[in-house]
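**Q** Okay, here's the structure, questions in a sec.
FYI, it's all coordinate maths here, none of it is from the lab. This is a predicted model, so every value here is computed, not measured. Cβ coordinates were reconstructed from backbone atoms using ideal geometry, including for glycine residues, and neighbour counts include every protein chain displayed.
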Amino acid sequence: GTIDFEGAQVDGDLAAHIVVTRARGVCLYGEPIAVVFPDVPREAYLNSITVDAEDSYRAISRGADAGECAVPVYGVLNFCRVLAFVEECTITSKLEGAQWGLEHLPPEYRPVIETALLTYTGAGETGAVDAKLLKQFANFAQARIDQATGRRTVNVTKHDTA
């Protein structure tokens, strides 16, 4: 394939990468990070991280309504890190986001977060979670994100699982 260097290039994650680099990066050589990378407005960072959350929400909403399903590790951990930011303006890694979620989110969602965390760290086998509880967690998380951002995500579930 070929790469089009002339056309406009868009990376929806770029704002998030820059914020994380400025907050957590380590300069190994050259100019300091704060000189090389610009300050990113809160709204741009929030938009960057919530797009992934909305994609995860839609994917989970289309999943099974009952029984067990494989835990969507990225989606669950990303919900936690986005919630940590919208609730406390805290920039976290996936691991830190999950730890924040275990401490700050309703305890009924602990099994979903713990399973995703154990799967992510390799401390447990690829985990399965209750599909209904996973959907409830996704609905809860997306509702909090929508409230914080003033957006409304279309609920694509077949019926309300909350």
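**Q** Angle between the Cα long axis of helix 94-104 and the longest principal axis of the chain, 0 to 90 degrees, nearest 10?
**A** Helix 94-104 sits roughly 50 degrees off the main axis of the chain.
**Q** Quote the charge dipole size of segment 29-83 about the Cα centre in Debye, to the nearest 20; the model charges only the Cβ of Lys and Arg (+1) and of Asp and Glu (-1).
**A** Using Cβ point charges on Lys, Arg, Asp and Glu, segment 29-83 gives about 80 debye.
**Q** What is the angle, in °, between the Cα long axis of helix 42-61 and the longest principal axis of the Cα atoms in the chain? Nearest 10 is fine, range 0 to 90.
**A** That helix lies at roughly 30 degrees to the long axis.
**Q** Now for a separate question. Scan around Glu68 for amide H atoms under 5 Å from its own, H built in the peptide plane at 1.01 Å from N, and keep only partners 5 or more places away or cross-chain.
**A** For Glu68, the qualifying residues are Ala131.
**Q** Quick one: Debye curve from the C-alpha atoms of segment 25-137, no solvent, what's log10 I(q)/I(0) at q = 0.11 Å⁻¹?
**A** Result of the Debye calculation: -0.41.
**Q** Ranked highest first by the average count of other Cβ atoms within 10 Å around their residues, in what order do 41-51, 135-145, 77-87, 62-72 fall?
**A** Highest mean packing first, the order is 77-87, 135-145, 41-51, 62-72.
**Q** Let me ask something else about it. Amide H neighbours of Gly25 under 5 Å, counting only residues 5+ apart in sequence or on other chains, H built in-plane at 1.01 Å?
**A** Long-range HN contacts for Gly25: none found.
**Q** So if I restrict to the alpha-carbon atoms in segment 75-153, what is the Rg, and what is Dmax, the biggest pairwise distance, in Å?
**A** In Å, with Rg to one decimal and Dmax whole: 12.1, 38.
**Q** Quick check: the angle from helix 73-88's long axis to the longest principal axis of the chain, C-alpha only, nearest 10 degrees?
**A** Compared with the principal axis, the helix lies near 70 degrees.
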